[in-house]
Structure formats: structure tokens, C-alpha cells
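Below is one structure, written out as C-alpha cells; comments come after it.
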Amino acid sequence: MTPLDPASATERNRLVRLSNLDHVAAGEARAAQAAAAAPRGFRGRWTRRQWLQASLLGTTAALVCALVPGFSSAMQVHDGKAHMATMALALPPAPERDEAVPTSHWELVTVESGQTLGEIFAARGVPVATLHRILETESASTALARIRPGTELGFEFDSADGSLLGFQFDRSQT
């Protein structure tokens, strides 16, 4: 028979298939032996459920190991007294305040449509020179350049003489 003879090729293919089947059968036999030796239900990998159970067990063990030693002496009483210390501290005297007269008060103004800063300040009796001093600061000039309706401005006035002590506004809409 020559190598190109169809009968020899068929015979060779049959022998290769038989060899492959023998290898598969031997592998299955080894897998069956390993499965018999392994615990029931174990397939060589952990399932998600097994990982979850192991992590819960580990976490519980870590918490018990961390917390239990703290309870060992918590309930013990030494010499008939619990471990508690009280210490008296000398405090400075409280400053005296006259609660009857507040030193200042705040007035909150909401800008309405068509109002300008000059009108708002003039209505509160604040001089124009004070408005110009406020607008000379960089943050105030950029934020107050275009005020919009709904913007809130806060004025702090001295209760005694009515002079402006403070001015508050939001620098941006956020």
C-alpha cells in the first residue's frame, strides 16, 4: 500500500480516533477518582455562596477578637469602687453682658426689578461715599456690577446711631 492509498488513510484515521478515545477515557477515570477523594459538592472552585460564608465567618471572628478583650475588665470592681475619676476645674468668671440693649441689628433686603444699588443704599440712609468705598474692593465690584432681581443683600446697622457697620452679599449665584 502506498501512502496515498485510501484504505491506509482510513485505517490511520481509525487508529488516531481510538487513541484519542483511550486518552479521554483515561482522563475521565482520573477525574472520577479525584471526585471520589474530594468532599461532596466540591468541584475544585469555591462558589459565590462559599466565598460569602467564608467572608462572614472571617469578619465575625475579627470583630470578636477585637471586642471581647475590652469586656474582660469592664465589669470588675477594684477595692469596692468602680474606676471613675472626678476632677474639679477652676473656670474663669463669665463676662457680664447687658442683654437688654443689642449693639447692632441686621436688615435683609431682596433686590426687586428695576432697583439699583444707589437706590437701595439711599433708602437705608447709607451715604454714597460708603457705597463707593464698598465698590472699590475687587470682589464687591465684580459681584455687584450686575445685580439681579431676587439677590439678597444684608446691612448691619449700629443700634445707637444707625451707622452702617457691615454689608453682606453672595459673590456668585452658586
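The values are calculated or read from the model by the stated rules, or taken from the named source; none is laboratory data. Quick caveat, the model's predicted, so the values are computed rather than measured. As a convention, Cβ positions derive from the backbone with ideal geometry for all residues, glycine included, and neighbour counts pool all protein chains shown.
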Exercise. Residue check, M87 against (1) assigned to a helix (DSSP H, G or I); (2) at pLDDT 75 or above, all met but one. Which one?
Worked result: (1)
Exercise. What number of residues within the range 48-84 satisfy the criterion of being of a type in the set (K, R) and at pLDDT below 85?
Worked result: 1
Exercise. What are the residues in the range 134-153 that are closer than 20 Å to E107 by Cα and outside any loop (DSSP other than H, G, I, E, B), if any?
Worked result: I134, L135, A140, A143, L144, E152, L153
For this session: Take the residues in the range 112-147 that are among the charged types (D, E, K, R) and touching a residue at least 24 places away in the same chain (Cβ under 8 Å), then tell me which one is surrounded by the fewest Cβ atoms within 10 Å (Cβ to Cβ).
Result: E112
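Anything in the range 95-114 that is at pLDDT 85 or above and either under 43 Å from the mean Cα position of the chain (by Cα) or not in a loop (DSSP other than H, G, I, E, B) (or both)? List them, or say none.
Hits for the range 95-114 are W106, E107, L108, V109, T110, V111, E112, S113.
Which count do you get for residues in the range 149-161 that are at pLDDT below 85 and surrounded by fewer than 11 Cβ atoms within 10 Å (Cβ to Cβ)?
The first filter runs over the range 149-161 and keeps only residues at pLDDT below 85, leaving 158-161.
Filter once more, keeping what is surrounded by fewer than 11 Cβ atoms within 10 Å (Cβ to Cβ): 160-161.
Counting residues in the range 149-161 that are at pLDDT below 85 and surrounded by fewer than 11 Cβ atoms within 10 Å (Cβ to Cβ) gives 2.
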